[in-house]
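Colleague: The structure that follows is given in the form of structure tokens.
The values are calculated or read from the model by the stated rules, or taken from the named source; none is laboratory data. The shown structure was predicted, so the numbers you read here are calculated from the model rather than taken from an experiment. Cβ: placed from backbone, ideal geometry, glycine included. Neighbour counts: every protein chain shown.
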DNA sequence: CTGAAAGCGCTTACAG
DNA sequence: CTGAAAGCGCTTACAG
């Protein structure tokens, strides 16, 4: 066992003859060392956990892919947890995660529950909060300002000559931040108060269609709408086409996420781009640096966003 | 430590007074037991690994969600690996997975590489192959027949009066099976040989648009097309709209996956439904049964499919 | 270059 | 009801 361990980890410390015998035996038996035992011994699990609201959501797909690949390249594996749960459930999930002693934890959004913050802090595991912003991160932060995004979209539509705004928003926390800030910015520019509709996340194409119908039923004469996801924006386009509403002439539409479909629709969809792949890659890098004993260059990194102007607005 | 372990796992074996003291200390310290150590001792990791071609793909989203939730309900956690790799890479990935000693491994597709099969078999870990079919599963199988699907879609289009068929397919293995069988079935019904276009997976809306343009450039007068994903089918609809092609009159379109967007597009998309959620839930159930020492009722389960008829075909 | 020994943090059968 | 001891499968400093 000792020699086997050395043959695998430090083959130069083993004589060629022995090495050959050991390798033959390994191949014959299909032996794969137990990484958990090694992890226990070295207290390095080479495991990283990410918590997403839902694995099915396409918004975080870019981040997940980049995270998986960046970690993989560094010899880490990714565990995925779904955090779209009530608070007591989240506590249990957090305990299950910390119990595995991952070398890092990536959170989608910031952790607000004091109980959760305490658990994470006490664990001593490197934590990266992402996709949101806060003055008091638990540890590291890849910051995205949904308030800035909401305000920027409001301004964008205003500058495109639209004045009667609406927002179709998911009912998750970050979508709420965007929507609220969008409404505030519109009011600050002297526009009438935008109509805000909140729909259960993750938002869908069908909700986009239903959302536009609801807006038109409301009787308000809307000329610009911000959707919480590109799928939803595509749904709005479909409904607009069916109802004979001209986009962007009568109605400008802005999406969020800059998915493939946004560029490829007709009309193509103006959308807010947030670099999810950069978030994933950066998070992997920060955690690997920590595990290697270094302080990362900066523990708070601003991710930023841009509005990709296309035909729909 | 002994008493702490008992306080957590078998509190009825500890006096109320001691229990209270221990719990107070646990809360004060934020102590979370090391599950890896427990796993090593009990050789039950309560970890399940799933290998998907890509985390970003929406086709397996339903399976992943169901798998996460079903496992969670049984006290298991899910690890996710991306298998969209070359063969030597897959070998390394498999070793990294087996090294963690998960209580089960869920594979998307069947494992063909003899090397991979050997490793998995030697590991003794319960394996569930899914989303494909084979006469020689490694262990358990949740079988989906892509050959039957391809033939059924061919027949469906024929019965709808379409005779000049095409297929826009991803270049992954299972999509190839569907496309090849679709072509064979068309020939068997006496139709001219369908045009098959293969595009890099995961397929996108943009590829659907480009695919239809390519089909039209080819000069063949196509009246029915089977797309490897609903997103691609939506892209075909967009391109058809732009080019003024009537769907389904001039061109019938069938998708695959029965995503939300299929029902919600206009025209709505006829699509092949495979119950991914059932695959996820069933896989979790089979693995949990094995870990509990039982043989599962059946180690090969046919999942089946149905064509959901909508406006596009 | 190779082996015996200790220890990572748990759990559990065994005494007390 | 509570504690001392062994052992899960590794890795590594220490002898030989």
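Colleague: Check off (1) within 12 Å of another protein chain (Cβ to nearest Cβ); (2) within 15 Å of residue A:231 (Cβ to Cβ) for residue B:243 and give me the number that stays unchecked.
Modeller: Evaluating residue B:243 over (1) within 12 Å of another protein chain (Cβ to nearest Cβ); (2) within 15 Å of residue A:231 (Cβ to Cβ) leaves (2) as the failure.
Colleague: Now, a different point. Quick one: would you say residue B:83 is more than 7 Å from chain A (Cβ to nearest Cβ), away from DNA strand D (no atom under 16 Å from the Cβ) and surrounded by fewer than 21 Cβ atoms within 10 Å (Cβ to Cβ)? Spell out how you get there, then give the answer.
Modeller: Values: more than 7 Å from chain A (Cβ to nearest Cβ): yes; away from DNA strand D (no atom under 16 Å from the Cβ): yes; surrounded by fewer than 21 Cβ atoms within 10 Å (Cβ to Cβ): yes.
Yes; evaluated as a whole, the condition is true for this residue.
Colleague: Quick one: which residue in A:64, A:40, A:71 is buried (at least 19 other Cβ atoms within 10 Å of the Cβ), facing another protein chain (nearest Cβ under 9 Å) and either in a helix (DSSP H, G or I) or within 11 Å of DNA strand D (Cβ to nearest atom) (or both)? So that I can check it myself, show each step before the final result.
Modeller: Details: A:40 fails: buried (at least 19 other Cβ atoms within 10 Å of the Cβ); A:71 fails: facing another protein chain (nearest Cβ under 9 Å).
Just one listed residue meets the conditions, A:64.
Colleague: Any residue at all in the range A:16-31 that is facing chain B (nearest Cβ under 9 Å) and within 11 Å of DNA strand D (Cβ to nearest atom)? Break it down into steps so the answer makes sense when it comes.
Modeller: Our first condition is that a residue be facing chain B (nearest Cβ under 9 Å); within the range A:16-31, this holds for A:29-31.
Cutting the leftovers down to within 11 Å of DNA strand D (Cβ to nearest atom) gives us A:29, A:31.
The answer is yes; a qualifying residue exists.
Colleague: Residues that are touching a strand residue (DSSP E or B) at 6+ places or on another chain (Cβ under 7 Å) and crowded, with 19+ Cβ neighbours inside 10 Å: list the strands (runs of 3 or more DSSP E) wholly contained in the range A:191-308 that include at least 3 such residues. Steps first, please.
Modeller: Numbers: elements: A:195-199, A:224-227, A:252-256, A:270-273, A:300-302, A:306-308.
Output list reads A:224-227, A:252-256, A:270-273.
Colleague: Residues in the range B:13-25: is at least one closer than 24 Å to residue A:103 by Cβ, assigned to a helix (DSSP H, G or I) and within 15 Å of DNA strand C (Cβ to nearest atom)? If you could, list the steps in order and put the result at the bottom.
Modeller: Quick first cut of the range B:13-25, residues closer than 24 Å to residue A:103 by Cβ only: none.
Within the range B:13-25 (the criterion being closer than 24 Å to residue A:103 by Cβ, assigned to a helix (DSSP H, G or I) and within 15 Å of DNA strand C (Cβ to nearest atom)), the answer is no, since none of the residues qualifies.
Colleague: Let me ask another. Could you figure out which of (1) under 29 Å from the mean Cα position of the chain (by Cα); (2) closer than 20 Å to residue A:237 by Cβ isn't true of residue A:177?
Modeller: (2)
Colleague: Of the conditions (1) under 23 Å from the mean Cα position of the chain (by Cα); (2) at pLDDT below 90; (3) within 16 Å of DNA strand C (Cβ to nearest atom), residue B:46 clears all except one; give me its number.
Modeller: Just one mismatch for residue B:46, condition (2).
Colleague: Let me ask you something else. Please specify each residue of the range B:109-118 satisfying the condition of being touching a residue at least 12 places away in the same chain (Cβ under 8 Å) and surrounded by fewer than 22 Cβ atoms within 10 Å (Cβ to Cβ).
Modeller: Correct list: B:109, B:110, B:113, B:115, B:116, B:117.
Colleague: Let me ask something else. Which of the residues spanning the range A:27-37 are part of a helix (DSSP H, G or I) and modelled with pLDDT of 90 or more? Please lay out each step first, then the result.
Modeller: Going residue by residue through the range A:27-37, those that are part of a helix (DSSP H, G or I) are A:27-29, A:35-37.
Selection gives A:35, A:36, A:37.
Colleague: If a residue must be modelled with pLDDT under 95 and not in a strand (DSSP E or B), how many such residues does the range A:150-175 contain?
Modeller: Selection size over the range A:150-175: 5.
Colleague: Oh, and also: Can you spot a residue in the range A:270-290 that is farther than 30 Å from residue A:103 by Cα and within 14 Å of chain B (Cβ to nearest Cβ)?
Modeller: Looking through the range A:270-290, at least one residue is farther than 30 Å from residue A:103 by Cα and within 14 Å of chain B (Cβ to nearest Cβ).
Colleague: In the list B:54, B:58, B:83, which residue meets the criterion of being free of Cβ contacts under 8 Å to residues at least 60 places away in the same chain, more than 15 Å from DNA strand C (Cβ to nearest atom) and at negative phi?
Modeller: It is B:83.
Colleague: Would you check which residues across the range A:26-43 are near DNA strand C (Cβ under 10 Å from one of its atoms), more than 30 Å from residue B:56 (Cα to Cα) and free of Cβ contacts under 8 Å to residues at least 24 places away in the same chain and list them? It would help to see each step written out before you state the result.
Modeller: Step one: list which residues in the range A:26-43 are near DNA strand C (Cβ under 10 Å from one of its atoms), which gives A:36-43.
Checking the rest, the ones that are also more than 30 Å from residue B:56 (Cα to Cα) come to A:37-38, A:40-43.
Those that are near DNA strand C (Cβ under 10 Å from one of its atoms), more than 30 Å from residue B:56 (Cα to Cα) and free of Cβ contacts under 8 Å to residues at least 24 places away in the same chain: A:37, A:38, A:40, A:41, A:42.
Colleague: Please work out which one of (1) within 9 Å of chain A (Cβ to nearest Cβ); (2) within 16 Å of DNA strand C (Cβ to nearest atom); (3) part of a helix (DSSP H, G or I) is the condition residue B:101 fails and give its number.
Modeller: (3)
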